[in-house]
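These notes are about the structure you will find just below.
Read-outs: derived from the displayed coordinates by stated rules, not from any lab. The structure displayed is predicted, hence computed values, not measured ones. Please note: Cβ atoms are built from the backbone with ideal geometry, for glycine as well, and neighbour counts cover all protein chains shown.
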């Protein structure tokens, strides 16, 4: 499990178990796993559902590249990106990013880095339905700013 | 060459992909965009403001001055909003 794009929900325990106990040594001393969820409200309007479109082929290529960059930049024992596509509901899991290393700082930083790059480079598009029609979510300038700090 | 559209560009244009014979007179992505805009009102609308559009050729992000080759897969889409 390194990079997965799927319509199915994911099991956080499974992602953590693979990072905690890699197939080959060394074992990590720290694991960071971040999970992104569908918000129940956006701009004070309740969201009934969210649909995630992506660019099959390019999505996996970009996510692999982001994971590879993290593996090169920090001394990681493992790294994982799982991202869902299709129709999701409020509070559903959207994305999980995990990084394992000997010490905590590398795992925190690598997970943070992978999320910031995923947000601005991986070809996913969210459409939110509030009950009176679906709207494409606009990209945020703050995501570009977050990426630049790396 | 294969052209792909995503999110609101796909909705404006009405198809998710189309195939065009490569024209050697196209030097850059900008030339292809100019050609595509003549195809329909939907194309013209979707590609009217290229500051709102990202372009990928063979899965890599490129600028409008990127040189095209026969067989390239060119994708047009809005800034990404995953995660």
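Values as computed for the structure displayed
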{"read-out": "Between helix A:104-121 and chain A: long-axis angle, C-alpha atoms, 0 to 90°, nearest 10", "value": "40 degrees"}
{"read-out": "Ascending count of other beta-carbon atoms within 10 Å, so fewest first, for A:81, B:13, B:3", "value": "B:3, B:13, A:81"}
{"read-out": "Chain B - share of DSSP beta bridges that are antiparallel (%, nearest 5)", "value": "75 percent"}
{"read-out": "Residue order, fewest to most beta carbons within 10 Å, for A:103, A:83, B:66", "value": "A:103, B:66, A:83"}
{"read-out": "Distance cut-off 25 Å, percentage of C-alpha pairs in the protein assembly as shown lying past it", "value": "47 percent"}
{"read-out": "Fully extended contour minus Cα-Cα distance, from residue A:138 to residue A:108, at 0.36 nm per residue", "value": "8.1 nm"}
{"read-out": "Two-site FRET efficiency, residue B:45 against residue A:149, from Cβ-Cβ distance with R₀ of 45 Å, rounded to 0.05", "value": "0.80"}
{"read-out": "Centre separation in Å (Cα based) which lies between region B:5-52 and region A:122-150", "value": "22 Å"}
{"read-out": "Rounded tilt (10° steps) of A:58-73 against the dominant C-alpha axis of chain A", "value": "40 degrees"}
{"read-out": "The protein assembly as shown - mean residue ellipticity at 222 nm from DSSP helices (-39,500 (n - 2.57) per run, n ≥ 4, rounded to 500)", "value": "-9000 deg cm²/dmol"}
{"read-out": "Per-pair calculated FRET efficiency, R0 = 30 Å: residue B:60 and residue A:51 via Cβ, rounded to 0.05", "value": "0.70"}
{"read-out": "Residue A:35 paired with residue A:129, simple spin-label distance in nm, labels 7 Å along Cα-to-beta-carbon", "value": "2.4 nm"}
{"read-out": "Region B:2-77: mean projected area of Cα convex hull, nm²", "value": "4.3 nm²"}
